[in-house]
Structures are given as C-alpha cells and as structure tokens.
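Structure first, commentary second.
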Amino acid sequence: TVDTLAAQGVRFDRTWGAVSCSPARAQLLTGRFGRRYGLGSIIYQQPGSDSYDLPAKEQTLAELARERGYHSAFIGKWHLTTYDRDWQDAPGRHGFDRYRFTAGNLQVPSVLRPAGYFEHERSDNGQVGFVEGYVTEVQSDDAIEELASLPEPWLMVLAYNAAHEPFHLPPARLRPQLHDVTPGSPDAAKYRAMVEAMDHELARVLASIDDVRDHTYVVFAADNGTPLQVLLEPTPPDQGKATFQEGGLQVPLVVTGPGIEPGVSQALTQLTDIFPTVAGWIGATPAATLDGVPLQPFLADPDAPDTRTFQY
C-alpha cells in the first residue's frame with residue numbers, strides 16, 4: 001500500500017522526524033520543534049514520571065482546520081500528555097472534534113494491569129476502557145467508522161501504534177507476504193511482519209474513502225527511525241531510533257492527492273513541513289512562527305530546488 005502511494009505521489013527521501021515519538025508527533029501537529037514548548041524527548045508515563053501536556057497555546061492541525069470549517073478526528077497513538085493531565089480528553093482539548101486513542105505506548109496503561117497489541121487501553125471520546133482485538137485492526141476500524149460519518153470537509157490524523165515494541169507476531173491474515181514468520185523468528189522478522197500488518201490495514205482504510213480520493217490529500221509518514229534491536233544491513237547496528245545518526249532521524253514521507261506530480265524529491269524536509277502544507281491546501285494562516293516550510297513546490301515539481309540550506 002505504501003509503495004502504491006509512493007507511485008501515485010511524491011516520495012521524499014531526505015525527511016527527518018525526531019529520535020523518539022513524542023517530539024515527532026508534536027512536530028507534525030504544530031509545525032514547530034518541541035524545544036519551543038518544553039518537549040525534547042519521549043514522554044514517560046510510568047508512575048513517578050515528570051508531568052507534561054502539550055501547551056494549549058500551541059495551535060494544532062485540528063485547530064487550524066477548524067478555523068476553515070473542517071471537521072476533525074484523531075485515531076491512534078497520542079503520546080503528548082501524561083496520565084495526570086486529564087489524558088482521556090487530550091485530543092479534544094487540542095481541537096479534534098472526535099477521538100479514539102491510546103495515551104502512549106501500549107504496554108504502559110493508566111492503571112496497573114497488563115496491556116499490549118492484543119488488548120489495549122483506549123479513550124473513546126473521553127470514555128476509557130480496555131479493548132480486545134489486534135490494535136492495528138481496531139484503530140483501522142475506528143478510522144473507517146469515523147470517516148463514514150465525519151462531515152466534509154474533514155481532517156483525520158490516524159497514528160498507528162505499529163510498529164513499536166513489544167515485538168510480536170501479528171495475526172496471519174494481516175501478513176500474507178511474511179506468513180512464514182514464527183514465534184521463534186528473530187525480532188527483526190517480527191517487526192517487519194508488524195509493518196506488513198500496518199500496510200495491510202492502511203489499504204483497508206484507504207479503500208473506505210475511495211469515493212472521495214479524487215479531492216483528498218493523503219500524507220504518510222513515520223515519527224522516528226527503526227529501533228536498534230531490529231535494524232538490518234546496510235544500516236549500521238548503532239544508527240537507529242534514539243540516536244542522532246541518519247538512521248535515527250530519517251523517516252518515510254509520501255504525499256498524494258489532486259494536482260500532485262508523481263516523483264521522488266531529494267529536498268531537505270521535516271515532519272514540521274506537514275503543518276504549513278496543510279495550511280496551504282485549506283487556505284489557512286498559521287497563528288505562530290513555524291519551523292516547517294510548505295511542500296507545495298515539490299508536489300508540483302519533485303525536482304524543485306531545496307527550500308532549506310541546512311537540516312536541523
């Protein structure tokens with residue numbers, strides 16, 4: 001599915017996220033680096049961890065879109081607040097009209113009980129409970145259900161928990177290409193099975209909006225590099241997630257939609273660029289000074305010259 005999206009739109013080969021998930025997710029939602037609002041690393045949610053909540057003054061994609069009459073939904077992993085900050089309504093506080101989400105990493109719920117990919121804690125528009133089922137499928141079901149009733153024009157952020165620790169074996173029906181991976185296989189093989197399952201489910205979500213794809217932009221991205229434990233050659237074994245090496249920062253970024261010229265861009269790009277790009281699409285003016293730059297020049301011509309002279 002991701003390969004298909006890349007063939008339909010522009011694949012950016014020099015995109016940076018962050019070394020861990022929380023700052024990257026904040027970059028995407030605000031267009032600004034987390035250091036501007038006290039978010040420099042992963043938010044720890046275990047008991048005794050420092051308290052944090054994405055500041056209300058930071059304008060999010062949902063708040064930007066609301067000003068232009070858009071309806072919005074957030075599905076998946078939030079990881080921008082701690083459990084002591086009314087976490088169950090966090091996306092709503094930041095402009096999303098609807099939300100079904102996990103607070104952060106699956107194995108760290110808000111109460112002392114086991115959780116993971118096959119049973120997880122979810123807030124459904126503020127109502128918290130544990131949900132059985134493979135989380136990648138559940139989040140896809142949630143997205144499809146919301147998209148079926150979300151009035152146009154709409155904005156959806158679907159942030160899968162996959163692929164992330166704990167490494168495991170997804171249901172066989174979601175990984176037909178990697179059907180031979182077993183419980184005894186290396187974590188690297190399990191990780192790739194998790195990615196295939198995500199790709200499989202993304203196809204199901206996109207199929208549900210096939211009738212509006214002619215006027216819908218789709219942005220696919222990741223938050224950080226591949227975990228060190230599951231790196232494969234030729235990436236050096238010490239240059240993955242949680243490092244400031246290329247393998248820790250470089251993430252996939254693919255953009256498709258009306259008027260986009262398919263191709264591959266080598267421009268220096270970042271997750272912060274998604275915010276101003278969306279602003280351009282919907283005719284909105286960001287409220288704050290952004291660290292991102294619009295991707296529109298590269299979407300019209302993938303060979304357009306770099307906007308940046310350096311990558312930070």
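Annotations
- A 1.4 Å probe over all protein chains sorts His200, His79 by accessible area into His200, His79, starting with the largest.
- The slack in the chain from Arg35 to Gln311, taken as 0.36 nm per residue of separation less the alpha-carbon distance, amounts to 97.8 nm.
- Sorting Tyr117, Tyr70 by accessible area puts them as Tyr70, Tyr117; the probe is 1.4 Å, largest comes first, and only protein heavy atoms count.
- Anisotropy class of the chain from Cα gyration tensor, a/c 1.5 cut: rounded
- In order along segment 208-223, the Karplus-derived 3J(HN,Hα) couplings, from 6.51 cos²θ - 1.76 cosθ + 1.60 at θ = phi - 60°, round to 6, 10, 4, 6, 10, 5, 5, 10, 10, 8, 10, 10, 10, 8, 10, 8 Hz, and Gly and Pro are given as x.
- Under the shape rule built on the C-alpha gyration tensor, where the axes satisfy a ≥ b ≥ c, segment 192-247 is prolate, since a/c reaches at least 1.5 and a/b is greater than b/c.
- At full extension, Asp303 and Ala288 could sit 2.5 nm farther apart than now, given 0.36 nm per residue minus the alpha carbon distance.
- Among beta bridges that DSSP assigns inside the chain, antiparallel share in %, nearest 5: 50
- Expected 222 nm ellipticity per residue - DSSP helices of 4 or more, -39500 (n - 2.57), all of the chain, to 500: -7500 deg cm²/dmol
- The distance linking segment 39-108 with segment 221-240 is 26 Å (Cα centroid to Cα centroid, whole angstrom).
- Over the chain, accessible surface divided per residue gives 44 Å², non-protein components excluded, 1.4 Å probe.
- Estimated inter-spin distance, Glu233 and Val212, nm [label 7 Å along Cα→Cβ]: 4.8
- Three-way shape call for segment 200-293 based on the alpha-carbon gyration tensor, with the a/c threshold at 1.5: oblate
- Other residues whose C-beta falls under 13 angstrom from the C-beta of Arg192 contribute a net charge of -2, scoring Lys and Arg +1 and Asp and Glu -1.
- Karplus-derived 3J(HN,Hα) values for segment 135-147, using 6.51 cos²θ - 1.76 cosθ + 1.60 with θ = phi - 60°, are 4, 5, 6, 4, 5, 5, 4, 4, 5, 4, 5, 5, 5 Hz; glycine and proline are entered as x.
- If a spin label sat at a point 7 angstrom from the Cα of Ala188 along the line to its beta carbon, the backbone N atoms of segment 222-246 nearer than 11 Å would be those of 229-237.
- In straight-distance terms, cross-link reach from Lys241 covers every one of the aspartates and glutamates whose alpha-carbon lies under 18 Å from its own, apart from those fewer than eight places away in the same chain; here that gives Asp13, Glu165, Asp187, Asp223, Glu233.
- Contour excess over end-to-end distance, with Cα ends at Gln46 and Ala203 and 0.36 nm allotted per residue: 53.1 nm
- Residue-level accessible surface for Phe220, protein heavy atoms, 1.4 Å, Å²: 30
- Contact order for segment 29-109, expressed relative to its length and based on alpha carbon pairs under 8 Å spaced 6+ residues apart, stands at 32 percent.
- Across segment 1-70, C-alpha contacts under 8 Å between residues 6 or more apart give a mean separation that, scaled by the residue count, equals a relative contact order of 24 percent.
- Phi to ³J(HN,Hα) by Karplus 6.51 cos²θ - 1.76 cosθ + 1.60 over segment 240-256, Hz, x for Gly, Pro: x, 3, 6, 10, 8, 6, 3, x, x, 9, 6, 9, x, 8, 10, 10, 10
- Note on segment 249-293: with neighbouring protein chains present and a 1.4 Å probe, carbon and sulfur make up 54 percent of its accessible heavy-atom surface.
- Placing pseudo-labels 7 Å out from each Cα toward the beta carbon at His179 and Val111 gives an inter-label distance of 4.0 nm.
The values are calculated or read from the model by the stated rules, or taken from the named source; none is laboratory data. Values in this document were obtained by computation on a predicted structure and should not be read as measured data. Don't worry about glycine lacking a Cβ; one is built from the backbone with ideal geometry, like all the others, and counts go over all protein chains shown. To get the accessible areas, we keep the full protein, side chains included, count just its heavy atoms, and leave off ligands, DNA and RNA. Shrake-Rupley method; radii C 1.70, N 1.55, O 1.52, S 1.80 Å.
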